Structure formats: structure tokens, C-alpha cells
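Right, one structure below, let's go through it.
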Amino acid sequence: IYADPAKRLELYFRPKDPYCHPVCANRFPTSTMLLRVRRSTRKKQQLDAEEQIQPEVQFEMEILGIVTTVYKFQGMSDFQYLAMHSGPDGKQTSMYDKVLMLKPEKEEFFNRDLPLYIPPPIFSRLDTPVDYFYRPDIQHRSGYNNPQVSGENLIGLSRARRPHNAIFVNFDDEEIPTKPLDAAVQNWKKVCTNPVDKKVEEELRKLFEVRPVWSRNAVKANISVHPDKLKVLLPYLAYYMLTGPWRSLWVRFGYDPRKHPEAKIYQVLDFRIRCGMKYGYAATDMPVKAKRSTYNYSLPITVKKQGSHTVSVHDLKQGLGSAGTSGAKKPPSSRYKLKESVYIFREGALPPYRQMFYQLCDLNVESLQKIIHRNDGTESECTERDGWCLAKTSDDLRDSMSLMIKQIIRSTRPALFSNTTNSEDGKEQLAYESGEDEDDEEEEEEDFKPSDGSENEMETEILDYV
């Protein structure tokens, strides 16, 4: 506990009782001394029976060290739960010998008839009393309607989702949109209030003229724009593909990649770094660490961290996306720009995250491009799985990219591969595995945090616009 500043110290009044709820102590810095005090008493000789002689007392003090951290128990200690059963006569009977298995038991132990005993699934997350200040009813602006609550969702939403009015297209849809929704135009006009926003709009228009299909991270790597402004700008210039070989990508209005064989270079490749002992290295040996972990839950015994400040529409109108505040680490022209590695794959370089969404034209390796262009000029049909490419093209690309990554790990950590053997043709055969943390190429190293949405572009970017 002392080694982790975010943890609280637990004290169990009944350590052997699994139903004992602990009290938690908070950590505080201090500057005090630890003293050792000795009290020695020596009795004097008594000469006269009537005379009472006080014993001689001496104190000796020694400084043992300096204390820099203390734990103070400031919470309430009445959160306890006993394994008891109330009988018809009101008498309480202990059930510890019936519900606790202290040693391996036979089948009879589990088939006994016992009173119903259901311990609470979780104790209170608060151990200190707090004042609750009742708030008045929120005064919404005119025209606001509370979100509808259906019978299947009795809890409902805490607030209405901010609409960004994007148009979603499935691979099976016959028609594609040629212009944005009127609401999307109004949203962008409302936010676009300074010359810098106009410049960003023109830059994005030029990107879609050069290349009709872009991923969101590829746009972020080419234009410096606040992510909350980009959520409003993208639906103004492009529509979003939900399924098919261009899924999770933004396509220029009026362009249908299903009708143009040359659009195969814009198809998406879902690539995940493979790891496991059968590949020669475990997940803990990976140079590319997972962004999220199942061990990073916020428990009641963990000190809460303050969240990041969310960005409001008023902040966006003030040009936060470009001008920003004073004292920024990066110049305005590149403050929100991502590195090229978030969307471009190069030989000899590791991807920044374990799961990446690459467009085929951004795989800057000659051998990979040969796999992509194997059927140039003979494309006959656009399928939902492979698009304009040959069947199993994605699998071939993943195998080749995995071999490249394994060679990089082998060169940096040769000890991991000391016992591995090669196949007969000299190439390691790796099976595609997708059990990794599903993180896409979000800007982990950046100074800002998006106010809405998740870090998985493919699965949750839709939620930003519905």
C-alpha cells in the first residue's frame, strides 16, 4: 500500500472474517520524528518507617528517524455485515460454520438445507458523511425536450446526446449522399466563427479533393484542429461508411468507392499485433503496451483523480481549436496534429498501438503494395469482405506485417527468441489472433482530451454523431 500513493490503507477489525468490511485510512504527508522514550524508576532506601520516599524517575529519549507519511482513519466504521440468521423466536444464530468452507468438503456439505443467506454484492463506496445540496430544476432553453424513455430502457439518458448529424452508409445501400444534412451545415456555421476555422475548412476540402476517402486519424495527422471541432466539420464535408472494406472511414460526398476499382487503395485494414508464447514473446514482453487494462478499475480503496476539463461549444466559438490559451507547449499550427505513425505503416517501425486501422495506400512497404496490386486491371467485382482486392488479401497483408514486427522485436530483444525455431522455408508462420486490447490510434501523447466519445474509432465513433 505504501508503494502506491493512490491506494488507501485498510484495517480489518476481524481479519479472519471474510464478511468484515474494512475501514480505510487516507495518506497524508508529514514531517515528524519517531521517538523512543524510556522511563526508569529507582526506589530509594527508606530509613524511617513513617517517612515516605518518592521513587526516582528518569526519562531517556532517542530519535529513531523521520516520518514523512502518515495514514489517518477519518471514515466511519459502522459498515459491517455478520453471517447471522434470525430464527422465529428472534434468536440470532451464527452461520459461519455452515457457509465458510475452511477445508475440502464432501458432497454432503453442499447439499445441506440452510436458511437463505445472501450477502450484499457491494458495500457503500463512501465512508465519510457528505452534505447534499439540492439543486433547483434546470432551466432549459426554449424548444428543449427531455429524451424519450422507452419500456426497454427504464433508466434512460442523463442528457440528450449532442447531435452532430453525420450520414451513415452501409455497404448494401444503393445510393450514397451527395450533400450534407441541413442540420450539419447549421452546426458548422454556428461553430465556424473565426478566420482560422475557415482555413481549416479549406484545408480539409483540399484533402478530400486529393484523396476522396480518409480516416479520422489521418485527417488529424494532416490538419491541426481541435477534435471537438472536427466532429462538427467532418459531417459537413463527408459521409461515414459503417460496413464493407471502407468501414470506419469518411468518404467525400458524391463519391462511391464501390463503383471505382481504383478505390481499393483506400480500403481499411484492421491490423492487431500478435503476441503469445507460441510467437516467442508474451504480452508483458511487448514493446507496444496496451492502453487499457482490466486491473485499472477505480475501486473504493483508490484515491480519486480529478477528471479533465470538458470543452463547451462556447470554447469552440472562441477559437479554442486553433488559437488556444497562452503558454501552450506547441505552436498553434501543430498543437493538435498527430504523428504520421498513427496512420502510416513503415518497415522497421513499430505501430504506436496494438490495434491499428490502416488504409491500404498508407502501407509504405513495397512488398505490401505488391500484394495489394496483384489484380490491377482485372478487378471484376467489389465484395463486402475484400472489396476490389483478391480474396484473402487482408490475411496475406497481416501475415507479412506480423513477420516484420517480429523481426523488429527479435532485433531489440534477442533473448526472447533464443529457443524459437524457424519453419522449413525460413519464414515464421503466424496465425491471425485478435484477442488484444481493441485500441485504435488515438492521441495518447497529446495534451488535450476529447470531451465526448471513446478511444475506439471503429466501434464508437458512430456514437459521436447519432
Protection-proxy order for peptides 342-349, 398-405, 24-31, 98-105, each taking the mean of Cβ atoms within 10 Å per residue, highest first: 398-405, 342-349, 24-31, 98-105
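Once you charge only the Cβ atoms, +1 for Lys and Arg and -1 for Asp and Glu, what is the size of the charge dipole of segment 177-227 about its Cα centre, to the nearest 20 debye?
So the dipole magnitude of segment 177-227 works out to roughly 60 debye.
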Spin-label proximity, ASP17 to segment 79-96 - amide N less than 14 Å from point 7 Å beyond Cα toward beta carbon: 79-85, 93-96
LEU35 accessible area, assembled protein chains, probe 1.4 Å, Å²: 80
Listed residue (LEU116, PRO136, TYR81) projecting farthest to the positive dipole end of segment 71-139, Cβ model: TYR81
Backbone HN-Hα couplings from phi across segment 129-134 [Karplus 6.51/-1.76/1.60, Hz, Gly and Pro as x]: x, 10, 8, 9, 9, 5
Among the listed pairs LYS179/LYS264; LYS231/LYS339; LYS189/LYS259; LYS220/LYS264, those beyond 30 Å (Cα-Cα): LYS189/LYS259
Segment 197-239 versus segment 379-403: alpha-carbon centroid distance in Å: 27
Neighbour cut-off at most 10 other Cβ (10 Å), DSSP loop, chymotrypsin sites (Phe, Trp or Tyr not before Pro), segment 59-142: TYR132, PHE133, TYR134
Segment 64-86 and segment 123-140: distance between their alpha carbon centers, rounded to Å: 24
With all protein chains modelled, accessible area of THR378 [1.4 Å, Å²]: 100
Integer Hz, Karplus 6.51/-1.76/1.60 couplings in order for segment 18-32, x for Gly and Pro: x, 8, 7, 8, x, 9, 10, 10, 8, 8, 9, x, 8, 9, 10
Within segment 1-71: Cβ-based charge dipole about Cα centre, in debye rounded to nearest 20 (Lys, Arg +1; Asp, Glu -1): 400
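Return a whole-number percent for the relative contact order of segment 336-418, with Cα pairs under 8 Å and 6 or more residues apart as the contact set. Can you show the working numbers first?
Values: 60 pairs, mean separation 19.9, N = 83.
About 24 percent, as a whole number.
The values are calculated or read from the model by the stated rules, or taken from the named source; none is laboratory data. Not measured: the values here are computed from a predicted model. A quick note on method: Cβ atoms are made from the backbone with ideal geometry, for glycine too, and the neighbour counts reach across all protein chains shown. Calculation scope for accessible area: heavy atoms of the full protein, side chains included, ligands and nucleic acids excluded. Shrake-Rupley method; radii C 1.70, N 1.55, O 1.52, S 1.80 Å.
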